[in-house]
Each structure stands twice: as structure tokens, then as C-alpha cells.
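The values are calculated or read from the model by the stated rules, or taken from the named source; none is laboratory data. Just so it is clear, the model here is predicted, and its values are computed rather than measured. Positions of Cβ are generated from backbone atoms using ideal geometry, with glycine treated the same way; all protein chains shown enter the neighbour counts. Heads up: the accessible areas ignore ligands, DNA and RNA and are worked out on the full protein's heavy atoms, side chains in. Shrake-Rupley method; radii C 1.70, N 1.55, O 1.52, S 1.80 Å.
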Amino acid sequence: MAVPHRYTVYLKNPGAHLIEVSLTVDKPDLTGQLFSMPAWIPGSYMIRDFSRHVVSIRAESDGAEIELHKTDKSTWLAAPCDAPVTVTAEIYAYDLSVRGAHFDTTHAYFNGVCLFLRVEGQQQSECEVELLPPPDPVGIDWRVASSMRSRHEEKYAFGIYYADDYDELIDHPFEIGHLMIGEFEVGGIPHAIAINGQSRVDMGRICSDLAQVCNTHTRLLGKPADLDRYLFLLMVHGKGYGGLEHRWSSSLVCSRKDLPHRGEEGVSDDYRSFLGLCSHEYFHLWNVKRMKPSAFTPYDLRDESYTGLLWVFEGITSYYDDLALVRSGLISTESYLELLGKTITRVIRGRGRFRQNVEESSFDAWTKFYKQESNASNAIVSYYAKGSLIALALDLTLRVQSDNAISLDNVMQECWRRFGETGEGMPEGGLESVASEISGLDLFDFFERYVRGTGDLSLSPLLNDAGIQYHLRQSQGRRDTGGKQGRKSKTPITWLGAELVTRGDREVFKVVHADSPAEIAGLAAGDFAVALDNLQLTAGNIDNRLREYHSGDRVTLTVFRRDELIRFSVTLTTPPADTCYLTEKTDCSESEEKQKRSWLGPEASLKQA
Ligand SMILES: [Zn+2]
């Protein structure tokens, strides 16, 4: 039997944030063994060149040092030898994000892509990881949370872990420290959440709420054959939000205020967004971790991998994340409609939606969505937000046109059967062909207009058929993100067409919207705002100041551009009606009521194709 590649991870120096990783290969390539590190991490579509954190690296064989020649930014070639080779690297771990590695005196967190060298030509071999604690007293009482299988009995402990191959090795992040751990079951499968960071969270409540969300998704797509455990890894900070999906786990960051404390009742807006995040990453265990675009089957982690399908994998996941909250009964229909109204608002406020379609947005994620500049909202569309609205429109279209016989649920079930369970991957255009085939509908125009084109989705009539009324109104100020009716009595604001943020003690133009009064006048992102009609302007007072004027008024805006004081003459206008909110119709017909129930009701995801 082949000997596994043996990795040792030593949490060596928390003060210097250095992790020492060694790898022993028993049968290296006799012509010289090549080792490499990934340039990107699955789920986050940007070249990150993890090799740049390698501080030192050396190789030895048979007790003597051998030559290790660097052949490109991420690859090393060891001199030929016929005995086992050990490569040892010191890695700087001080990137506190779900995509990186971070090690200090309070905890260690890492993704395999940051630490583990790949043995070129032998990436199918089994891998073993010996995880060693940091020197005393730092690691006293530290526990280890990872979905990687262990060879030792004790749970949440340092020791020996293993993975079937390199691909799996890098799919199990580790969180190590003073962890709070809660456990629950979903369909008989053990699940857990491990929290790092101070928090007075109600663990019992989180576990029971997460179980409901996970159940809802499992009812929809069925338990994957290889899902025998699942772990949510959560870092709690003062301020933060984000996640990254894996096959048996997910890494999450949230703000302390997002979590419910003991005795707290109801679902706050912050907790709702935390549950939405967990729901999102859990849905990914099907949609993108097991069912992937063909372009990722297998992943090529050296260079960018291009696909026009990220809107399917992120957009449809974004649609089902909040939908599962209402279907599982954790939030009300009203609360769900508020979330939907916010997403619609986000999409229709971006003029970039007319310049880029979601296929292009997916394809160019590497250089555009992940590298957003100040012009982003004018030039690109989010494959998450618009993708989720396409999912909504497709779902409602299928329901209406098939008289409720077919929905997006059925399309996803069939895609999962065809492209997920088989491991084949979804070809470009795969969702469209499955949706057309199982519904028997001609969906060419739909995909041509909304996926390959930049058309605005016609949501109002579709929602109306499900008993939901679609409303648009003007924004009431910079904190108005839509979803709610807004205060009727508010004096209307005039429109400048720019977003300001506070940086230190200065107010800075962050975004200047296309074709807005600010753009026409010549204001630009990066300008420091000084005064509006000679009175000081701050991000905090801009809304009230703009309420003092009427549409058509000409004002003088004074800014610093670099170090030059410049005055701009701006003609204010009426704000566009770009803020959406949705309400339930009070006089629903029977068919509208039925449609709404089968879409949002608890029985919705029980219906199988
Ligand atoms: Zn996602």
C-alpha cells in the first residue's frame, strides 16, 4: 500500500506569526520532485499567490540538505534523489480572513492552500497531517475544530488528521484556540459550530435554528452520499461579515452583535443576516462544492479558471439562502419580502447592470468583481445580486407557466442529479437546457434577455401572480437601503448622485453615479468634501442639507482634489425612484394565495420532481 504524504504543522512562533510546515514524500520523482502552492482558493475568484507568504524553505533527503530550486513564483524543484524527501517551509500567517491563515497568541486559523505544498504528479495520494500545538503556555486549553477526519479518538484535539488526496486536503480549514462548540444533528448526520472570539451567545438557540435551515436545504436536494459530518467555523469580531464554503464545513466571520444572547427573543436584522450567511454557505455544499461548473472539474489552482456560470453558483445560492429562512419558518413572509426588496434595490441602483451581463460578470470575476474600483457600480453587475433575481424570476416564471407543476426547486433537483451526483460538472448553458427540458417551455428569450443580455427583470407582474405587490419610491437618504415603505412625512431629498464616506475627520466622495448631477458637474471619487454653498459638508449632514433645496436648484460644492481647492457648480435634481419594497396583497385571489404558499410556505421544498 502506498505511504501517504506526511505533513507536520507546527504552530511555531505566535509572536512572529510563523507556522512551520514540513512534508515528507516517500517516493519522489527520480528526475527531481516538483512542489507547488495554489495561486487561488476555490470559492474566492482572485489570484492570491499564497506562495508569497513562504518566508523560508529547504529540502533534505537521507539526513542531508539537497538543492531546492525555485522555478516560478509558486513552484520548487528538488534535486533528484532515490530516498524520501522532506521539504520544510516557514509560513507567515497574519491574514485574518476566511481565505487566509492567521496565527497569534489568541488563536490559529488556516486554509490548506496557505500551508500545504502540492506534490506534482502525486496529487491523488493520501495525505496525513500531524498537527502540533504551539509552545507553552500559549496553547494551553486550545481546542481544534476542523472537518478533516482524524486518526485519534479524542474530539477537537491536536494529533493526526488525514485526507484522501490533495484536493480534499485543502478543503478543510482549521480553527484552533479557546473555542465554544455546539453540536446538533441533521437527518442523523452530526453537525457542529465552533466559535472563536468573545461572545455571550445563546448556543442552544443557534444550534436549533441552524438545524432548521440545514434541514430545509437537505429536504430540497437530498443528502449527498459522502456527507457524514458538517462543521461551521465562526470567527466573531467587533465588526465583520463573510464566509467561504467547503465540502464538509464553512468558514464564517460575523460581528458580535449579529449573534443572539441568552434570553433574547425574535430574529433581529443582524441575526437574520447571520442566519442568511450560514444558509448560503450550507447550500454551497451542493451548489459549487459538489456540483461545480465543468471548468472547475477538476480545479486548476495555478491560473484563473474561466466560467460564465458563477451567477448560477452564487446567484442561485443567494436566492435560496434567504428563501430557506422563510420556508423553515425562522422568519416571516414580511421579513423575507424586506430582504428581497433590499436586493432589488441594490441591483436597480447600479447603472453597471446595463453595461455588463451576469455571464460576463462571472467570466471577469477575477479582474472586475474581485477588484472593484470606484467606478464599479457604473461598470459591472453583481452575479450574486442580479443572479439571485434571475433565480427568483425564473422560479416564478416556471411556476406561473406550468400552473405550479414545475419550479426552480425541480430544476435544481435535476441539475444536482445530472451534474452533481455524477461528479460531471455543469457545462456552460447547463442550467438553461435542464430548465427548458423539464418544464417543456421555450426559455430562450428569458436567458437571452436576462442572462446573456442586460435587460431589467420584469418582477412586478411575476410577484403579483404570487400575491405580492412591487413598489418603487425615491431614496430617503444614505442609510436607506430599501425593503421598507419608508417614512411618508419625510421632506423629499434632492439628488446629487454621489456617495460620501467618513475617513478620519474628512468626508470623501466614494462613488459618483453615472449620468448624475455630480458627474455632470465634474466631481470625482476621491474628492474631499469641504462645503455646500459655503457651509461645511459632512457625510452625517449631507441628507439634511440636500433637503433644504428643490430640484433644479444650482449649488456650489467645494472640494479638495489632491491638495487643490476647487469649486463645482451642481444642478440638483429629483432622486430617481430606485428604492424597492414589497407588500403582501390584502385581496389575494385563490390562485395567488396558492402560488404564494407553494413558493414560500413550509411545504414548498418538500415537493419532489
Ligand atoms: Zn457564495
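For the reader, a short list of remarks on this structure follows.
- Theoretical gain in end-to-end length, residue 422 to residue 372 [0.36 nm per residue, Cα-Cα removed]: 14.4 nm
- Furthest towards positive pole of dipole, 51, 512, 31, structure part the chain, Cβ charges: 512
- Ordering 459, 132, 298 by the projection of their Cα atoms onto the charge dipole of the chain, which places +1 on the Cβ of Lys and Arg and -1 on the Cβ of Asp and Glu, puts 459 at the extreme positive end.
- Estimated dipole of segment 164-210 in Debye, rounded to 20 [Cβ of Lys and Arg +1, of Asp and Glu -1, Cα centre]: 500 debye
- A crude spin-label estimate for the pair residue 448 and residue 73, with each label 7 Å from Cα along the Cβ direction, gives 4.2 nm.
- Spin-label proximity, residue 94 to segment 40-60 - amide N less than 11 Å from point 7 Å beyond Cα toward beta carbon: none
- The residues packed around residue 586, meaning those with a beta-carbon under 12 Å from its beta-carbon, carry a net charge of -3 if Lys and Arg are +1 and Asp and Glu are -1.
- Separation between Cα centres of segment 230-272 and segment 278-308, rounded to whole Å: 23 Å
- Cβ-based charge dipole, the chain, positive-most Cα from 589, 255, 100: 589
- Sequence-distant contacts, meaning Cα pairs under 8 Å at least 6 residues apart, place the relative contact order of the chain at 10 percent.
- Debye, to nearest 20: dipole size of the chain, +1 on Lys, Arg Cβ, -1 on Asp, Glu Cβ: 2020 debye
- The local environment of residue 144, defined by Cβ-Cβ distances under 10 Å, has a net charge of 0 under the rule Lys, Arg +1 and Asp, Glu -1.
- Neighbour-limited loop hits for GluC sites (Glu not before Pro), segment 333-395 (at most 16 other Cβ within 10 Å; DSSP other than H, G, I, E, B): 373
- Here the simple spin-label model places points 7 Å from the Cα toward Cβ, and for residue 82 and residue 510 these points are separated by 6.4 nm.
- Solvent-accessible area of residue 444, all protein chains in place: 110 Å² (probe radius 1.4 Å, heavy atoms, ligands and nucleic acids excluded).
- Computed over segment 2-124: relative contact order in percent, which uses C-alpha pairs under 8 Å that are six or more apart: 32 percent
- Each peptide in 90-99, 318-327 was scored by the mean count of other Cβ atoms within 10 Å over its residues; highest first, the order is 318-327, 90-99.
- Cα-based Kirkwood hydrodynamic radius, the chain, one decimal, Å: 26.4 Å
- Approximate spin-label separation residue 556-residue 354, in nm, with each point projected 7 Å along Cα-to-Cβ: 3.3 nm
- Here segment 195-274 is treated with +1 on each Lys and Arg Cβ and -1 on each Asp and Glu Cβ, and its dipole about the Cα centre works out to around 100 debye.
- Entries in 484/596; 12/292; 239/510; 490/594; 239/371; 73/510 that, when Cα-Cα distance is taken, lie over 25 Å: 12/292; 490/594; 73/510
- Value at 222 nm in deg cm²/dmol, rounded to 500, when DSSP H runs of n ≥ 4 in the chain each add -39,500 (n - 2.57): -7000 deg cm²/dmol
- Computed from Cα positions, the angle between helix 269-283 and the longest principal axis of the chain comes to roughly 50 degrees.
- Residues in segment 1-36 that a label on residue 56 would reach, taking backbone N under 11 Å of a point 7 Å out along Cα→Cβ: none
- Full extension of the chain between residue 598 and residue 485 yields a length gain of 38.1 nm, computed as 0.36 nm times the residue separation minus the alpha carbon distance.
- Accessible area ranking (1.4 Å probe, heavy atoms, ligands and nucleic acids excluded), largest first, for 305, 436, 489: 489, 436, 305.
- At the residue level, residue 473 shows approximately 30 square angstrom of accessible surface with a 1.4 angstrom probe and all protein chains present.
- Crossing angle, helix 430-439 versus the chain [Cα axis fit, 0-90 degrees, rounded to tens]: 60 degrees
- Within the accessible area of the chain (1.4 Å probe), percent carbon and sulfur: 48 percent
- For the chain, the longest principal axis of the alpha carbon atoms and the long axis of helix 316-327 meet at an angle near 70°.
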